[in-house]
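Q: Sharing a structure, written as structure tokens. Questions coming.
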Number of protein chains: 2
Amino acid sequence: MQPKHLVIIGGVAGGASAAARARRLSESAHITIIERGPDVSFANCGLPYHIGGEIEDRGELALQTPESLRSLLNLEVLTSTEAIGVDPSGKKVRIRSLTDGEEGEISYDDLILSPGASPLRPPLPGIAHPRIVTLRNLEDMDRIIDLLGTVESVAVIGGGFIGLEMAEQLVELGKKVTLVELQSQVLPQLDAEMVLPLQREMASEGIELILGDGIEGFEDHDGKPAAKLKSGQVLQAGLILLSIGVRPESGLAKDAGIELGPRGHIRVDGWQRTSVEHVYAVGDVCESPDPIFGGHVGIALGGPANRQGRTAADHIFLGEAAQPYPGSIGTSIVRVFGIAAGITGASEKRLKAAGVAYDSVTVNGASHASYFPGAETITLKLLWSPEDERILGAQAVGRDGVDKRLDVIATAIRGKLTIDDLVHLELSYAPPFGSAKDVVNTAGFAATNVREGRLVPVASLADAAGEQILDVRPPAAVAKLPVPGAVNIPLPELRARLGELDSSRPVFTICQMGKTSYFAARILANHGFDARSILGGAWHQAPR
Amino acid sequence: MQPKHLVIIGGVAGGASAAARARRLSESAHITIIERGPDVSFANCGLPYHIGGEIEDRGELALQTPESLRSLLNLEVLTSTEAIGVDPSGKKVRIRSLTDGEEGEISYDDLILSPGASPLRPPLPGIAHPRIVTLRNLEDMDRIIDLLGTVESVAVIGGGFIGLEMAEQLVELGKKVTLVELQSQVLPQLDAEMVLPLQREMASEGIELILGDGIEGFEDHDGKPAAKLKSGQVLQAGLILLSIGVRPESGLAKDAGIELGPRGHIRVDGWQRTSVEHVYAVGDVCESPDPIFGGHVGIALGGPANRQGRTAADHIFLGEAAQPYPGSIGTSIVRVFGIAAGITGASEKRLKAAGVAYDSVTVNGASHASYFPGAETITLKLLWSPEDERILGAQAVGRDGVDKRLDVIATAIRGKLTIDDLVHLELSYAPPFGSAKDVVNTAGFAATNVREGRLVPVASLADAAGEQILDVRPPAAVAKLPVPGAVNIPLPELRARLGELDSSRPVFTICQMGKTSYFAARILANHGFDARSILGGAWHQAPR
């Protein structure tokens, strides 16, 4: 039997993972990678950090080179080569060399499409300005580093993960940074209130944030670009970085008659098979099953890409014995200066938009034992289904340990755990690492209290406007971070001062962190009051 | 109806949690805490760190005071008061004041026993020496701090969690520390090979480690204590700290006819009920269901104690609507200088002793993206059932991110996840926080490769002694950390040099981290060799 010829279009993340796994499964297979760029398997998530100098050595970003792939994995690697057509019936890929323009054809037994997604560059007036850049690969990175040498100010358009990482790194380089985001918040994947600490952190580091404003076009001001915003504002900068999203590079697939999803992603099944036999797709170009909302979703993240590549290789060499890819829940995180924020699973806004029933709590907790030096507050928002009580999603923000809590809840979602399971998660506790009751347990406590009617949650201070608000903090804490319109009765005095409250109206309790306000509400409820707790305390509700 | 009277014996951890939860559930209940010591609800896990000065302020350790419990929770708190008898038929507790010796009786509707466990102090000759101390509470801590003022050297007897934490802190204070452990390893909860990095770290910090040696008795040398070891060695020190384990304080329960387990713990059901009606037990004094091995196990840890206290209160006030405590899997962690090690679920030695079928892999991975500054290697050992492929336990050791991986796997155990689920856990990835393929995913990859026969694991270099060992590292790496008896063929040259190997004998492959040795074994196996991979690479197998 002739050895199988596996052809992979795109040699980064998903493509590189597929090639490596394929070689592990078959020493005899002929494996060819076709890569348009000069580089393969580079650390695309690291690009902002080399621009900012945090990753000093550019060489660190080259996880593999064409030579190392040849010598370690016996791959044929065609760099600077573009795949320009796929003929599924003839099982052939048409290629063109980007160095000499020569064209040719490669036959395949199986084909994996891993072309990725390209940064959006909408056809706005003036978009062709040479100082309006995007960041996708090492060449883009080198160009940006080169341009930054002569630049004092940068406008970052788009407040997603890459926009925030770049804004941070540019500030570290001493640049004056303005960030423009069309939505009224950065990180639109997260719920608005969860990114407020990020926005405050960015402002305190000197970043000018322009939210809820879009781009109408670009101008040239003496060689420098300027962005014309919809609001009328004109934003001049030495360099403009566009990071407003990506578009799957599915043109080749479309031309070959391969089925695409509604947003241009290649449609695949659990084994990453496209609608055309012997053609697979992995990474940012494809959709994957959505374990929470059902249907399919395009998720452009490194982890899923790598594991999808592995899945495709498994199916090619192992057939139906291969484990299918279970879908992506979109776990992601970003660091912005001293703070981190992230999400796993569904956000409240997505649940609301999809009409999925959910309940929600937001709690604060310490990153490790609060009596041990260095503990930082984590704000954790938990969403679950009131029907089967399974966890639907979580978001966290804080200065330490955010990644750990997201990973625990990502694992809980994969395991279909319920809010009761969170109560009794047994997480590692020693003072430098955790707490006897971790904030994840606390979220479980709060969620089960909501289910049982013991905690009547109020998500936002705004929902209590005009109502009877009871602030149970010590007066010193109130003075530092007042809650407008609230009556202050410190918790230890509450039982003796119940008469000061109007028992005919609901009482909305608030405190610093959202814990003693719950205690107060329990006292009130046990005395017959309609008591409701404002979640997350002044820490979460009031600007700080 | 008369309000319920809940009496709680022991006001730390489990007892304090029970009281707080009880008050949340009932404003009218009469709740009394009886505490032998002068303090309630203190941070017992923080005691070593105040001795070492890392927690500067002693006040940080007092999570609550008798006064704060009275004012916040309306509790009756009897400190310096000993419970000296329980009469379950009369529902009464007999108490004695430790200040004036006066005795009295308290009636209860429900009783929670949370007396904890006391440090073992075996009746060895010379044990009464005033400079042989144990550490359980704030009074012990104060006494040790006092004694340390005049002491240059300390012998720590016992290499469990507290022994290691104390040894670390004593070194930070500039003391000369010797640690004696009866077992041939520190942290006997973990498998021996997983604590080698801890032992090396301790030695490099100047701690003298005496392993596999026990105490025969103690002597007095001019006012200073000395430990006589079974080996004959006599160990002189300014102070001797005994941390050889704890014994549940179940005497009161035993006298009251309450059923105990084989090791003296109070036997309880899922709602923490003892064998006697209206008497509950929580924390270190009780057993809890063992979710992995079945039966019951006594686990002395802060997290379980807190949540058991909450469970008992729930059952007292909510009855069978309360969620039962699901048992403890023993998740625990310790920091020793720059390194951390921990466990969740079953160890290999416990599985072996219990005759439970298991498979195992050990892998290395980076704490976050290896191309981003500060990444540290984590060694992760995973144990699973070959029958249902569920995860049975894990251990991890490293300089960063150990707690996160333990917590993820603790959650996976709670969710009954399998090795296939680990492959596709979607953990948060940005360069400062994680990797596209986290070490937890890698453990899943390795485990599924073992299941499918693609990875033939060799747990220990010793198992390869006298066999054909192939080291596939670059020669420079071999020179730094040689593997005795190995032939060196760097991986990129392997395909061309297969002829140098004896295909009639098994080949045991090794590399630096355990990854490329697997790649090499795949090449060999695909060429018909009997190839086996030595797990964890030279990093894990050879002293470093």
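A short reminder: the numbers here are calculations on the coordinates, not readings from a lab. Predicted model, so just to flag it, every value in this text is computed and none were measured. A quick note on method: Cβ atoms are made from the backbone with ideal geometry, for glycine too, and the neighbour counts reach across all protein chains shown.
Q: Copy-to-copy spacing for B:G53, label 7 Å out on the Cα-to-C-beta vector, in nm, shortest first?
A: Those label-point separations list as 3.6 nm.
Q: What percent of all Cα-Cα pairs in segment A:129-181 falls into each 5 Å bin, going from 0 up to the bin containing the maximum distance?
A: Calculated P(r), rounded to whole percents: 5, 19, 32, 31, 12, 1.
Q: Whole Å is fine, so just give me how far the alpha carbon centre of segment A:239-305 lies from that of segment B:296-332.
A: Spelled out, the Cα-based centre of one part sits 46 Å from the other.
Q: Work through the residues other than A:S288 whose Cβ is under 12 Å from its Cβ and net out their charges, Lys, Arg +1 and Asp, Glu -1.
A: -3
Q: For chain A, what is the percent of antiparallel DSSP beta bridges, rounded to the nearest 5?
A: That works out to approximately 55 percent antiparallel.
Q: Quick one: divide the alpha-carbon radius of gyration of the protein assembly as shown by 2.2 N^0.38 Å and tell me what you get.
A: Working it through for the protein assembly as shown, the quotient is 1.00.
Q: While we're on this one: For segment A:457-541, what is Rg from Cα atoms divided by 2.2 N^0.38 Å, rounded to two decimals?
A: 0.94
Q: Tell me, in nm to one decimal, what length is gained between A:K176 and A:D109 on full extension, where the rule is 0.36 nm per residue of separation less the Cα-Cα distance?
A: 18.9 nm
Q: Between A:Q183 and A:Q233, 0.36 nm times their residue separation minus their Cα-Cα distance comes to what?
A: Net length gain for the segment: 16.4 nm.
Q: Given a Förster radius of 30 Å and the C-beta distance between B:S460 and B:D502 as r, what FRET efficiency does 1/(1 + (r/R0)^6) yield to the nearest 0.05?
A: Computed FRET efficiency for B:S460 and B:D502: 0.85.
Q: Based on a Kirkwood Rh over C-alpha pairs, give the Stokes-Einstein translational diffusion coefficient of segment A:307-359 at 20 °C and viscosity 1.002 mPa s in µm²/s.
A: Value of D from the Cα-based Kirkwood radius: 151 µm²/s.
Q: Identify, among B:G251, B:P386, B:F317, the residue whose Cα sits farthest towards the positive end of the charge dipole of chain B, taking +1 on the Cβ of Lys and Arg and -1 on the Cβ of Asp and Glu, with the dipole about the Cα centre.
A: About the Cα centre, the residue reaching furthest to the positive side is B:P386.
Q: Can you work out D for chain B in µm² s⁻¹ from Stokes-Einstein, where Rh is the Kirkwood radius over C-alpha pairs, the temperature is 10 °C and the viscosity is 1.306 mPa s?
A: 62
Q: Using a ≥ b ≥ c from the Cα gyration tensor of segment A:7-137 (square roots of the eigenvalues), is it rounded, prolate or oblate, where a/c under 1.5 gives rounded and otherwise the larger of a/b and b/c decides, a/b for prolate?
A: oblate
Q: Hey, rough spin-label estimate for B:D142 and A:E27, points 7 angstrom out along Cα→Cβ, what's it come to in nanometres?
A: Taking the two extended label points, one gets 7.2 nm.
Q: Could you give me the radius of gyration and the Dmax of segment B:153-252, taking only the C-alpha atoms into account and expressing both in angstrom?
A: My reading of the Cα-based Rg and Dmax gives 13.7, 45 Å.
Q: For the cross-link pairs A:K4/A:K91; A:K349/B:K437; A:K176/A:K224; B:K4/B:K91; A:K4/A:K254; B:K91/B:K254, which exceed 18 Å when the distance is taken from alpha carbon to alpha carbon?
A: Going by Cα-Cα distance, A:K349/B:K437; A:K4/A:K254 fall outside the 18 Å limit.
Q: Separate question: Any chance you could check the Cα centroid distance between segment A:374-442 and segment A:450-491 for me, in angstrom?
A: Going from one Cα centre to the other spans 24 Å.
Q: How far is it, in nm, from the label point at A:A128 to the one at A:E56 when both lie 7 Å from their Cα along the line to the Cβ?
A: In this crude spin-label approximation the distance works out to 4.3 nm.
Q: Could you please rank A:L170, B:L241, placing first whichever residue has the fewest other Cβ atoms within 10 Å of its Cβ?
A: A:L170, B:L241
Q: Could I have the simple spin-label model distance between B:V487 and B:D388, label points 7 Å from Cα toward Cβ, reported in nm to one decimal?
A: 4.5
Q: Take the alpha carbon gyration tensor of segment B:109-197, find the square roots of its eigenvalues, order them as a ≥ b ≥ c, and report rounded if a/c is under 1.5; if not, report prolate when a/b exceeds b/c, else oblate.
A: Cα axes put segment B:109-197 in the oblate bin.
Q: Another question, then. What is the antiparallel percent of DSSP beta bridges lying wholly in segment B:213-346, to the nearest 5?
A: So the antiparallel bridges in segment B:213-346 amount to around 95 percent.
Q: What does the copy distance list look like for B:G528, label position 7 Å along Cα→Cβ, in nm and ordered from shortest?
A: Sorted ascending, the copy-to-copy spacings read 9.2 nm.
Q: Continuing with the same structure: Within 13 Å, Cβ to Cβ, of B:G212, how many net charges do the neighbouring residues add up to if Lys/Arg are +1 and Asp/Glu are -1?
A: -1
Q: Taking the Cα centre of each part, how many Å lie between segment B:1-66 and segment A:106-135?
A: Taking the Cα centre of segment A:106-135 as reference, the centre of segment B:1-66 is 61 Å away.
Q: I need the inter-copy label distances for A:E208: point set 7 Å along Cα to C-beta, values in nm with one decimal, smallest first.
A: Ordered by increasing distance: 6.8 nm.
Q: Can you work out the FRET efficiency for the pair A:L318 and B:K4, with r the C-beta to C-beta distance and R0 = 56 Å, to the nearest 0.05?
A: 0.35
Q: How big is the equivalent ellipsoid of segment A:425-490 along its three axes, where each semi-axis is √(5λ) from the Cα gyration tensor, reported in whole Å from largest to smallest?
A: Value: 29, 19, 9 Å, ordered largest first.
Q: Still on this structure, I have one more. Where Rh is the Kirkwood radius over the Cα pairs of segment A:264-330, the temperature 10 °C and the viscosity 1.306 mPa s, what D in µm²/s does Stokes-Einstein return?
A: The estimated diffusion coefficient comes to 137 µm²/s.
Q: Nearest to the axis that maps chain A onto chain B: list the chain A residue whose Cβ wins, with the distance in whole angstrom.
A: Measuring from each Cβ to the axis, the minimum is at A:G415, 1.
Q: I've got another one for you. Rounded to the nearest 500, what is the 222 nm mean residue ellipticity of the protein assembly as shown from helices alone, with -39500 (n - 2.57) per DSSP H run of 4+ residues and division by all residues?
A: -7500 deg cm²/dmol
Q: Evaluate the relative contact order of chain B (contact order divided by residue number), counting alpha-carbon pairs under 8 angstrom at least 6 apart; express in whole percent.
A: 11
Q: Residues of segment B:217-237 with backbone nitrogen within less than 15 Å of a virtual label 7 Å along the Cα-to-Cβ line of B:E208, please, listed as ranges.
A: The answer is B:225-237, whose backbone nitrogens lie closer than 15 Å to the label point.
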